[in-house]
Amino acid sequence: KRTTANTKLSIVQVDLDTGTRSGGKITVDNKSEGVIFARLTMKGIPKAGKETASRHNFNLSVRYTDTGGNPVDITRLIQGTDFLAHVTITNPFGVYIYKDMALSQIFPSGWEIHNTRMYDFTSVHAADQPSYQDIRDDRVYTYFDLKRNGTNTYVIQLNAAYLGKYYLPAVYCEAMYDEGFNASTAGRWTHVIQ
C-alpha cells in the first residue's frame, strides 16, 4: 500500500508490513527537489530448509572433518563420533580491512560442543585466534578482524551425542556495524545414528 514519509531531519525510517505475502515491488517517488538515498532492509528467520547461501563482499565456507582431517558426512553421523567444524572467512578483494566481524554458529541439539577453554591447554586443532569467542551450550559466537586479502579459519570440536534427526541452521558472518558486509551458508538436516 502507498505510504508517505515527510521529515525535516536528515533521515526517516518507514516500517513496511508485508504480512504473509512474498515477492512484490517497492517504488520510491521523490516529490522534493533534494536528492534522497533509499535503503531497503529486510529481517527475518527463514523456515528450516529454506535458507540459501549468500555472500556480500567476502567469502564464507564450512567443512566438516574427523580429528585426522578427513571429510565427514554430517548428514549421517554415528553416535559418539568426534569431529571438527572448520569455518573459513576470506577477504579476496583487498579493498577493506573488516573490523569487528561476528561469526555465529548454531549447532543441532544432537551435537555437543567441546569447550576447549575448560581444559588447561590449547586444542591441537586450533587455527586462527579470535579477538573473543563466546562458547555456549548450542552455539559459538566468534569475534575477529579480517585483514586485506586475509583468510581466517576457526575450528570448533564437536561430538555427535544424541540419536535423532536434527536441523543444522545456517552459519552466518557479518561486520557488526555494517550490515552490507555479510555471508551465510545454507542450513541442512543431519542424523545421528547408531
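The values are calculated or read from the model by the stated rules, or taken from the named source; none is laboratory data. Keep in mind it's a predicted model, so treat the numbers as computed, not measured. So basically every Cβ, Gly included, is an ideal-geometry build from the backbone, and we count neighbours across all protein chains shown. Accessible surface is based on the protein model in full, side chains and every heavy atom, while ligands, DNA and RNA are left aside. Shrake-Rupley method; radii C 1.70, N 1.55, O 1.52, S 1.80 Å.
Summary of computed values
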read-out: Pairs beyond 28 Å (Cα-Cα), from LYS25/LYS47; LYS8/LYS147; LYS50/LYS165; LYS25/LYS99; LYS47/LYS147; value: LYS8/LYS147; LYS25/LYS99; LYS47/LYS147
read-out: Coil-residue trypsin sites (Lys or Arg not before Pro) of the stretch 1-102, DSSP, other Cβ within 10 Å capped at 13; value: LYS1, ARG2, LYS8, ARG21, LYS25, LYS31, ARG39, LYS43, LYS47, LYS50
read-out: Cα coordinate range in the stretch 1-98, projected on the principal axes (Å, largest first); value: 64, 38, 20
read-out: Interchain or long-range residues, amide H under 5 Å from PHE181's placed H; value: ALA175
read-out: Relative contact order %, the chain, counting alpha carbon pairs below 8 Å whose residues are six or more apart; value: 28
read-out: THR4/SER109 FRET efficiency (R0 35 Å; Cβ-Cβ; nearest 0.05); value: 0.15
read-out: By accessible area with a 1.4 Å probe, ligands and nucleic acids excluded, highest first: order of THR65, THR151; value: THR151, THR65
read-out: Computed lengthening from GLN194 to TYR132, 0.36 nm per intervening residue step minus Cα-Cα distance; value: 18.7 nm
read-out: Evaluated at q = 0.19, 0.25 Å⁻¹: base-10 log I(q)/I(0), Debye formula over Cα of the stretch 46-98; value: -0.84, -0.99
read-out: ³J(HN,Hα) computed for each position of the stretch 53-58 - Karplus, 6.51 cos²θ - 1.76 cosθ + 1.60, integer Hz, glycine/proline x; value: 5, 8, 8, 9, 5, 7
